[in-house]
Amino acid sequence: MDTFSKRKYIIAGIMLGIAAIFIIRLFTIQITNKTYKQFATRNVLRKVITFPARGLIYDRNNELMVYNKAAYDLLVVPREVKPFDTLSLCNIIQLEKKDLIEALNKAKQFSRYKPSIVAGQISPDIYAPLQEKLYKYPGFFVQSRTLREYPSKSAAQVLGFVGEVNQSMIEKDNYYRSGDYIGVTGLEKAYENELRGIKGVNNYMVDVHNRIKGKYNGGITDTTAILGQNLLTGLHAEVQAYAELLMTNKRGAIVAIEPATGEIIVMVSAPSYDPNLLVGRQRSVNYGLLVSDSINTPMWNRAVIGTFPPGSTFKLVNALIALEEHAITSFDRFSCSGKGSLPIKCTHSHVSPIAMREAIRESCNSYFWNLFRNIISHSPTSAQGFEVWRNHVLSFGFGEKVGTELSSEVKGNIPEVAYYDKYFGQKKWTSMTIRSLSIGQGEILITPLQLANMAATIANRGYYITPHLVKAIQDTNRVYRELKYEKKLTGIDPEYYNIVIEGMQAVIEETRLSQSIRMDSVIICGKTGTVQNPHGADHSAFVAFAPKNNPKIAIAVFIQNAGFGATYAAPIAGLIMEKFLTDSISPRRKAVEQRMIESDLMNVQVKN
Amino acid sequence: MPNRNNVWANIDWITVSIYLAMMFIGWINIYAAVYNEEHKSIFDFTQQYGKQLIWIIAAIFIAVLMINIDSKFFVTFSFPIYVIILLLLMLVPFIGTEINGAKSWIQIGNFLLQPSEFMKMATSLAIARYISSYNFKMHSYKSLLTLAAIVFIPVGLIFLQNDTGSAIVFGVFLLVLYREGLNGIVLFFSFLIVLVFIFTIIFDSYVTLLVLTISAFLINYLIRKKTKRNLIGMGIFATIYGIFWLINFLVQGNIDPLFFLLAAAVLSSAIFFLWAMVLRKRSLALLIGIYLGSVLFAVSVDYVFDNIMEQHQRDRINELLGIQSDLHGAGYHVNQSKIAIGSGGLFGKGFLNGTQTKYDFVPEQSTDFIFCTVGEEWGFLGALVVIGLFMGLLTRLIYLAERNRSKFSRVYGYCVATILFFHFAVNIGMTIGLAPVIGIPLPFFSYGGSSLWSFTLLLFVFIRLDASRFEQLSY
């Protein structure tokens, strides 16, 4: 061929020579030299997550409502586990042997490389001996966590609870890893992103004995945990606890709002539970018990998910609409023949005929269906009249979510024209067909929160600020960030509110309520309601605000199966307002207080 | 006699089999290197291993396509192909996308193509075409200058794009030229220059000069076996050095001893050269020439490196040679890579059981450092298989190149073999601490579409040429 053909051997020789050098080199580092194997075992990387303390929750007086206490999780990386004395480990962490084995199997199934929790939320006194002996158990390690603590044991449904993330949450948000905690309900859920902070990661090199040998890569890949942000709420911890005490052995809800700001002062749902039950190692057991209690449903927040007809408390709204629409003047009188009135009988006996102030005081059903008829017939057709009425009702925040941070909130129901058209036929219904709306009965459904918001709107003479629990967030630099909430106008002239408020003052001062809730120092304005209940004893409702001028608190109390609004709901509302406004209960009312606390309405006869 | 018209029957299936085996083993190891518990399926296309499968299938399509092209096409269009890819390379600074500090990629839809990868094949075709032409004469200035132009235009462009690793690969064409008759001395000098260059930068020039001087005396002794004359020579050298040192000492001067060494080297070389002339020993004169040349080269490299180059250029060369003492720098990576491979032992830790690669101790574990996963999980035996496959492929390619009567095919075949060899040597060498950390992939193993396709193209053009060896190609 050609003269240089022999050079192929030189070229192939160079290649094979390099390959031979590589093989010799590989032989030395892989087989003869053992130091690399030692390096490798020393090189095992462990990511230790540092969990930031979750943000704290304060009440309006900077009292702590939720804080943190230390706890520890024992984790395992199944691949690194060597045979060990299971019994002695069980003794240290106080766990049954079969539970430990089950946990280990579960961890293995989940992942052989990634850590899983074997025993969660170990208390500091168990942690101390465990940390000492941990070197005996390769593959196991501890990470510190914080647990929630609720000093006042109140506001359970509002504050919510934290629980372990589930698979779907992990997939949705890559911040979470298996075993992490997340706010499940209430404020813990609503402000999860603010409360959780940012996890830190420390990368350590650990040796075969599970001992940390130093930071990986000199710590340049480590990140420090950033504390969660604190919530400053408008709640009043002391009054909240007092309200819950008053609701002992009762079913129902209380919501109190500061009218000028929309801050929720009190939100009670009874029966409730001690939020500390859902913390620590007994959490899952207690959670199961609470969730399965279908009679008392303590986990439900009735204040935002319970819907009821508002009863007579709703007459205030109808009065305002009638005045705004010039369907009536405050001097117009309607006659009432008491229990003989048609089509709705009046439950009270009083002089007749009466005008608005007295009608509100006496809660006269006859007056209000007449008033309602005037509203509807003020327009050419019933449907148009109804639409005018409905729009006013919606402007009070009814029929829609009010917009608090609580995601469980429901809309309630304000019926639409289409509903009646479908039910009775188009143009086949009049104001009298739907007259129960005039006294807050019928298809109308509202939540206690919406009722309290109505009281706040009247207290403000025509507007409300979106009710909310959190007024400011304190960031990690301890700087407060005030949250802004929307102001919503009803479009009804403030002058008309004053007429209705006069009636509300009369309710407190000129009826038998004057004995149970009237205060000497403060003018209270209120309205009772008795909600017809086809399933049993009527529900007791009451709305109020105080003082009359520059109101500081607006409240709605709703108690199931408690009969007349004046009997339970009003005195309880009165006590709460007094507690909030004066920090104490006057001796004159101690007997009322005692009676309210002791009343047991849990086992009232239920009609079939 | 095989059927000369049936391309498929004339394909070298041994090479094809090795090629497929390499891609498969590479794919399995990419899976292990970036194994992710949340995406356990090797067919998960959101992960590198799923994507690599797509690249592999596409590579096989490219291979089949190459087989179906007439072999004359590559001969006829070798220069146009070279020019087109060169133009593409020139466009990179304007339309390219920057990744890891090197602006050497062109983005087409979701695909990133690296023209420098394809430049290897294009340059090989151009070289083969030029060397096999009638007017090529190995030792004529015109031919060598033309060859130099073919190689250095793309090298310059690639170097300017900060892709130093790819640029250096083109150095292997010297081996191809050697096979085609380039004087062996050139190869020797190139080797010497690289050696002195690296030595000078790693050690200081004082040491380099001493080593050069001692080597020169040693070589002289080994060739000529004249102990007495050697000793006299060393005496002269030491005396000159001593005189300068003494003068400096007496006048309390503050001169770098490097200058005494340099003066001793230059002056004694002059004396020895005259001596060689008197004795009429040409080989001695040549040795002195090489020695003096190396000394001056070393000193000037040192001077240029320390006084003319900018800091970032020095950094890049240091990085290239892997001599940064900073443990978080290049040295750290090589150390982790050696730990990963070294901990594999004879049989390895087993599939998916590697700890060093999986816990991210090793950088770029699916691309440049894929050999770590082989070494860690399959051990010494697995590493032997991979090295064996490469040696099988390379020797087979040389065999195929030699059996082709067409000079074009033979030169191209050598280009393919030497390019693959260079990648093999530098990539595996760097993982075991024997070569500087130059970011170049291990052919057919490393993750990435662009490199896999360009190597497939490179190889299958040759397989296609070889399948036509019974046809009488005009070149």
### Message
Tell me the per residue accessible area of chain B using a 1.4 Å probe; a whole number in Å² is fine.
### Response
45 Å²
### Message
Counting heavy atoms of the protein chains only and a 1.4 Å probe, report the per residue accessible area for the stretch A:46-233 as a whole number of Å².
### Response
47 Å²
### Message
Using a 7 Å offset from the Cα along the Cα-to-Cβ direction at both A:Arg333 and B:Ala9, what is the distance between the two label points in nm, to one decimal?
### Response
12.3 nm
### Query
Got a number for carbon plus sulfur as a percent of chain B's accessible area, 1.4 Å probe?
69 percent
### Task
With an 8 Å cut-off on Cα pairs and a minimum separation of 6 or more residues, tell me the relative contact order of the stretch A:368-437 in percent.
35 percent
## Note on the structure
Toy charge model, Lys and Arg Cβ at +1, Asp and Glu Cβ at -1: chain B dipole around Cα centroid in debye, rounded to 20, equals 2340 debye
### Query
Between the DSSP loop rule and a limit of at most 11 other Cβ atoms within 10 Å, which GluC sites (Glu not before Pro) in the stretch A:484-516 are left?
A:Glu486
#### Entry: Additional length obtainable on full extension of the chain from B:Lys72 to B:Leu250, 0.36 nm per residue less Cα span
56.4 nm
#### Entry: Exposure ranking of B:Val301, B:Val194 by accessible area [1.4 Å probe, largest first]
B:Val194, B:Val301
### Query
To the nearest 100 Å², how much accessible surface do chains A and B cover up together, summed over both, with a 1.4 Å probe?
4200 Å²
### Message
If each DSSP helix of 4+ residues adds -39,500 (n - 2.57) and the sum is divided by the residues in the protein assembly as shown, what number results at 222 nm, nearest 500 deg cm²/dmol?
### Response
-16000 deg cm²/dmol
### Task
Let me have the relative contact order for chain A, percent, based on Cα pairs under 8 Å that are six or more residues apart.
14 percent
#### Entry: Pair B:Leu195, A:Asp520: separation of 7 Å Cα→Cβ label points (nm)
11.3 nm
#### Entry: Cβ-Cβ FRET estimate between A:Asp274 and B:Phe347, R0 fixed at 56 Å, reported to 0.05
0.40
### Message
In whole percent, and with a 1.4 Å probe on the protein chains, what portion of the accessible area of the stretch A:413-531 is carbon and sulfur?
### Response
47 percent
## Note on the structure
For A:289-296, B:333-340, B:166-173, A:455-462, ranked highest to lowest by mean beta-carbon neighbours within 10 Å, the order is A:455-462, B:333-340, B:166-173, A:289-296
### Query
By how many nm would the segment from B:Leu174 to B:Leu87 grow when fully extended, if each residue of separation counts as 0.36 nm and the alpha-carbon distance is taken off?
28.9 nm
### Query
On average, how many beta carbons from a partner chain sit within 10 Å of the beta carbon of a residue in B:420-429?
3
### Query
Order of A:315-324, B:263-272 by packing, highest average Cβ count within 10 Å first?
A:315-324, B:263-272
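How crowded by other chains is A:28-36, given as the mean number of beta carbons from other chains within 10 Å of each beta carbon?
6
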### Loop trypsin sites (Lys or Arg not before Pro), the stretch A:151-198 (other Cβ atoms within 10 Å of the site Cβ: 13 or fewer; DSSP)
A:Arg177
### Query
In peptide B:336-349, how many Cβ atoms from other protein chains are near each Cβ within 10 Å, on average?
5
### Message
Using protein chains only and a probe of 1.4 angstrom, how many square angstrom of A:Met65 are accessible, to the nearest 10?
### Response
0 Å²
#### Entry: Proximal aspartates and glutamates relative to A:Lys422, as straight alpha-carbon distance under 17 Å, when same-chain residues fewer than 8 apart are discounted
A:Glu387, A:Glu443
### Task
Work out the charge dipole of the protein assembly as shown with +1 on the Cβ of Lys and Arg and -1 on the Cβ of Asp and Glu about the Cα centre, then indicate which of A:Met504, B:Ile57, A:Pro259 is farthest towards its positive end.
B:Ile57
### Task
Quote the relative contact order of the stretch B:196-308 in percent (integer), defining contacts as alpha-carbon pairs under 8 Å separated by 6+ residues.
40 percent
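To the nearest 0.05, how large is the calculated FRET efficiency for B:Ile95 and B:Ala58 if R₀ is 22 Å and r is the Cβ-Cβ distance? Please list the in-between numbers first.
Values: r = 23 Å, r/R0 = 1.03.
Result of the calculation: an efficiency of 0.45.
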### Message
What distance in nm separates the two pseudo spin-label positions at A:Lys136 and B:Leu258, each 7 Å out from Cα along the beta-carbon direction?
### Response
6.3 nm
### Query
Can you give the FRET efficiency for A:Thr261 and A:Ala241, using 1/(1 + (r/R0)^6), R0 = 25 Å, r = Cβ-Cβ distance, to the nearest 0.05?
0.70
### Summary
For B:223-234, B:422-433, B:114-125, B:285-296, ranked highest to lowest by mean beta-carbon neighbours within 10 Å, the order is B:114-125, B:422-433, B:285-296, B:223-234
### Query
Roughly to the nearest percent, how much of the accessible area of the stretch A:46-233 is carbon and sulfur, given a 1.4 Å probe?
52 percent
### Query
Could you name the lysines in cross-link range of A:Lys548, using Cα to Cα under 28 Å and dropping any fewer than eight places away on the same chain?
A:Lys315, A:Lys401, A:Lys471, A:Lys484, A:Lys487, A:Lys488, A:Lys527, A:Lys579, A:Lys590
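The values are calculated or read from the model by the stated rules, or taken from the named source; none is laboratory data. The shown structure was predicted, so the numbers you read here are calculated from the model rather than taken from an experiment. Don't worry about glycine lacking a Cβ; one is built from the backbone with ideal geometry, like all the others, and counts go over all protein chains shown. Accessible surface is based on the protein model in full, side chains and every heavy atom, while ligands, DNA and RNA are left aside. Shrake-Rupley method; radii C 1.70, N 1.55, O 1.52, S 1.80 Å.
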